[in-house]
Every structure is written in C-alpha cells, then in structure tokens.
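K.L.:
Attaching a single structure in structure tokens format; questions to follow.
The values are calculated or read from the model by the stated rules, or taken from the named source; none is laboratory data. Nothing here was measured: the structure is a model prediction, and the numbers come from that model. Note that each Cβ is placed from the backbone with ideal geometry, even for glycine, and that neighbours are counted across all protein chains shown. Keep in mind that these areas ignore ligands, DNA and RNA; they rest on the heavy atoms of the full protein, side chains included. Shrake-Rupley method; radii C 1.70, N 1.55, O 1.52, S 1.80 Å.
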Amino acid sequence: MKKIAFIVIRYGQEINGGAELHCKMLAERLVDKYQVEVLTTNLKGYSNQENIFKEGEEVINGVLVRRFKTDPYKRKGHRPNVWATRYIRSIRFFLYKMHLLQYIANCIPIWKCGKKGSIYLYRKNCFYSSELFTFIRKHKEDYDVFIPITIDYPEVYYTVTRVKEKALLIPTMHYQKSSFYPGMTEIFTQAGYIAFNTQAEQQLAERIFGKHMSPHGIVSVGFNIFPPAEWKETTVKYQLPQEYLLYVGRVENSKLDHIFDYFLTYKQKHKESNLKLVLVGGIFMDKIEHPDIIYTGFVEEEEKTAIINHAKIIVNPSKYESLSLILLEALSQKKVMLVNYQCNVMREHFKNSNQAIAIYKGKNDFIKQLYQLDTSDILRKEMGERGALYIQENYNWDIIMQRLIAQIENIGQ
C-alpha cells in the first residue's frame, strides 16, 4: 500500500478555509486505498497570536495528522533585498500582460534572480515551520507521494523543492501578483505532476511557465453536502432573518472586495428590499457594524447546509478563486449565485453552466443584478435548475478520484 502525505497550512474539523476543505475531502476519500497522512502546522488562524492546536499526532476520520509548530522570524540588521524580488515579480507580471512571458519562459524556465528575497519572505510568513520542512527532507524516502496544496504559503515551496518528482502539486493558483514571484518557476517546473481545478487556472499557468512546466492536467475537486441542521434552532442560534444574501468563507478584506459598500448602496437605493447580508465563516478583519449585516462566525457543516438552503441569493465577491467550493455547494442545492466578473474562474463557470450564475462587472452592475434576482422568483428557479444540472455533469466524485488516483500511481514511475 502506497504511503502519501498531504501538506497544507491548517487542518482540523473546525477549519473551513477552501484549500483546507479541499485537502480534507481528498484525504478522507483515499484512506481505503492508501496509507494517508496530513503534514500541517499547529495554527488554527492566520497569526501566531491566535489559538493553536497541540503539536504532535491526531487521527481524524482515518487520516493521521502530524502537526508541527511554526517559527517565523524577524531578522535583525541586514536582510536580503526584498525590493529587488518584488521588482522582478513586477517585471514578470508586466511581461505576462504583454503576452511575452510564456515565450521567455520557454527559453528561461527558472528565474534565480531574487531568490534570496523570496526565501526571506517565506521565512517571515506566519505558517513557516522549520520543523515541518525538516521532517519532509528527512522522511522523503518514507513516502511515495507528497501532495502540497495552495502556492500562497511556504509549505508548497519547501515541499516541492525537497521532494521534486514525488510532488503532486495542487496549486489553487489565481491571477494575482504572488503567482509571478521568481520562486514559483522552481515549483512549477520541478513538481512530478500539477493538478489544476479548472481550465482557466491551467491556462494561466501555461502562459506564465511555458513549455517547461511539469506534466499537468485538470483533476478538480468535488464537495460534501451534510444533512441540514434543524432550521428553527439554527435561525434562533444565529439570529438569521427571513431573507438574506449569503456569503460563506473567510471574512477578510481580500475575499470580500467591495461587498459591504455595494450591498449597503443597494439597500439605500431599494429600501423596499428585505434582504440582509449574512456572513458565515471565521472573521479576520474588523467588523462593519450595521443592522443589515449579520456575522455568524464559524458554523458546523450541518448548520451551513441549512443556512445555504434558506438563503435567497448567495454571493462570492472574491476576485481570486481557483474553483470556489461554495459555488459547487450552492448550485448543487439549486441556489442562485452572484459572482465577480474580475475572477477568470467565475467567468469560466458562467460560460460553462449556461449562465446558471449571475456575474457583475462593478458597483452599478452589482445593484442591477442583485435587484433582478431579489425580485424574480421565476429567474432564481430557472437559474437554480441549470446550476444543479451543471454540477451533476461536471463535478462527480467518482470521476475526480479516478483522475487523482491515476496520477498518484504515475508519480515516480
């Protein structure tokens, strides 16, 4: 039986980030076929000041979880030239916008300039764990496959550069500047295989890293739907209104974009609307206090299902998505979704789903689209039916796991 290790920044029953849920769903579906472990940090949140898990080992639903302490450091005195690293990133970003980077990558696959600055930035990250990375280096031969998830944190860099051909990378990458750091050229050319979530994500990587990118393809991920909690208890517990626009995910500025401004402007313009904005998920920003805005914090999976079921409309305002698990969950329950046009993955969903989701290009368009959805039961029902069909045809767990298992078997062959 092969031994595989997932590497992710956080892991636990109460962790509801997209990459973390992605990891958990895949790991738990592989325990009957492989010896599955998760290597992760002891952090629960996004800074060392937040609650932490106990270091050591824990078994969750058949998966052995190994947690390592984090140790980001503040280097005194001289430090590498981070400005130069960011300048190189900007050059790469500019070359991409000029449609030149792919051709340059064909000639220069790995950019070493600015590497010291990249390493310094990784080591300052709150999820930097020298113990975790040392464990991976020392135990490389003990595992057949390493599966690091999401390139936004040090874990992916230190996994891929240590195990190289044994790495089955799930990058969950976005069109954002961090994807253009020079260190990314090592990750995307040294991994044994790269598993993308969508065609848009794959095309983005191909245009950045060119023909020398590691073997790759679309594996994607499915989703879990838990039986709903009792609605009366849930609505009392979280003081939920009868009609609401729902956001599910990390409550932080980078994910929410302009949603507060857009929604409150909508309410001012359409005072007849009964909609309130309900935000479900861990809170990592200062709250915007308003009678039409409700924060639930973290909720149990069964409660989340119930809250999705009773939402009038669901919104994902993020510009940076590699798939969007909440979109899959919402559409599977025949809920209409309102998403940000600036996210290329959402544009792909919009096209492929026969316009089962609504997409907005700015504030005025958001208000227009939300009004149409808010006031038309027929429109919401029609879109809901198309959305459920789209999910049924494209996000079947059997197909997804067949793709993933095929690549696990191919790694190192």
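K.L.:
Considering Cα pairs under 8 angstrom that are at least six residues apart, work out the relative contact order of the chain and quote it in whole percent.
P.N.:
14 percent
K.L.:
What accessible area per residue, rounded to a whole number of Å², is obtained for segment 356-413 using a probe radius of 1.4 Å?
P.N.:
55 Å²
K.L.:
Another question, if that's okay. With an 8 Å Cα cut-off and a minimum separation of 6 or more residues, compute the relative contact order for segment 1-154 in percent.
P.N.:
Computed over segment 1-154, the figure is 30 percent.
K.L.:
Can you figure out the FRET efficiency of GLU243 with ARG347, using R₀ = 30 Å and their beta-carbon distance, to the nearest 0.05?
P.N.:
Efficiency, from the Cβ-Cβ distance: 0.60.
K.L.:
Take the Cα radius of gyration of segment 260-326 and divide it by 2.2 N^0.38 Å, with N its residue count; two decimals is plenty.
P.N.:
1.20
K.L.:
Among rounded, prolate and oblate, which fits segment 194-275 when a ≥ b ≥ c are the square roots of the eigenvalues of its C-alpha gyration tensor, a/c under 1.5 means rounded, and a/b larger than b/c means prolate?
P.N.:
Judged from the Cα gyration tensor, segment 194-275 comes out oblate (a/c at least 1.5, b/c at or above a/b).
K.L.:
Follow-up question, since we're still on this one. Around PHE209, under 12 Å between beta carbons, what's the net of Lys plus Arg minus Asp minus Glu among the other residues?
P.N.:
Neighbour charge sum, excluding PHE209 itself: +1.
K.L.:
Quick check: from the Cα gyration tensor, does segment 83-216 come out rounded (a/c under 1.5), prolate or oblate?
P.N.:
Oblate shape, in that a/c is at least 1.5 and b/c is the bigger or equal ratio.
K.L.:
Now for a separate question. What shape does segment 275-413 have by the C-alpha gyration tensor, where a ≥ b ≥ c are the square roots of the eigenvalues, rounded means a/c under 1.5, and otherwise prolate means a/b greater than b/c and oblate the rest?
P.N.:
Prolate is the answer for segment 275-413, as a/c is 1.5 or above and a/b outweighs b/c.
K.L.:
While we're here: Could you list, in their original order, any pairs among LYS44/LYS304; LYS54/LYS237; LYS44/LYS124; LYS24/LYS54; LYS33/LYS166 whose Cα atoms are separated by more than 27 Å?
P.N.:
Too far apart for the 27 Å limit: LYS54/LYS237.
K.L.:
Now for a separate question. Over the alpha-carbon set of the chain, divide Rg by the Kirkwood Rh and report the Rg/Rh ratio to two decimals.
P.N.:
0.96
K.L.:
Let me ask another. At a 1.4 Å probe radius, carbon and sulfur cover how many percent of the accessible area of the chain?
P.N.:
48 percent
K.L.:
Would you mind calculating the gained length between GLN13 and ASN253 on full extension (0.36 nm times residue separation, minus the Cα-Cα distance), in nm to one decimal?
P.N.:
Full extension from GLN13 to ASN253 adds 84.0 nm.
K.L.:
Hey, what number do you get for the chain at 222 nm if only DSSP H runs of n ≥ 4 count, each worth -39500 (n - 2.57), divided across all residues, to the nearest 500?
P.N.:
Helix-only estimate at 222 nm: -13000 deg cm²/dmol.
K.L.:
Let me ask something additional. Distance between the C-alpha centers of segment 320-365 and segment 125-171? Whole Å please.
P.N.:
So the separation of the two Cα centres works out to 32 Å.
K.L.:
A further question follows. Could you give the nm distance between label points at GLU300 and ILE108, where each point is 7 Å from its Cα heading toward the beta carbon?
P.N.:
5.6 nm
K.L.:
Next question. Please work out, to two decimal places, the log10 of the ratio I(q)/I(0) at q = 0.17, 0.25, 0.27 Å⁻¹ from a Debye calculation in which every Cα of segment 147-226 carries one identical scatterer.
P.N.:
-0.59, -1.28, -1.49
K.L.:
Just to be sure I understand the model, the point goes 7 Å from the Cα along the line to the Cβ. What's the resulting SER130 to VAL236 distance in nm?
P.N.:
Label-label distance for SER130 and VAL236, simple model: 5.3 nm.
K.L.:
Now, a different point. Using a Förster distance of 25 angstrom, determine the FRET efficiency expected from the C-beta separation of GLN203 and LYS33, and round it to 0.05.
P.N.:
After rounding to 0.05, the efficiency reads 0.20.
K.L.:
Also, quick follow-up: Could you state, as a whole-number percent, how many of the C-alpha pairs of segment 141-279 are farther apart than 23 Å?
P.N.:
So the portion of pairs separated by more than 23 Å is 53 percent.
K.L.:
A further question on this structure: Taking R0 as 25 Å, what FRET efficiency do you get between ARG386 and HIS212 from their Cβ-Cβ distance, rounded to the nearest 0.05?
P.N.:
0.05
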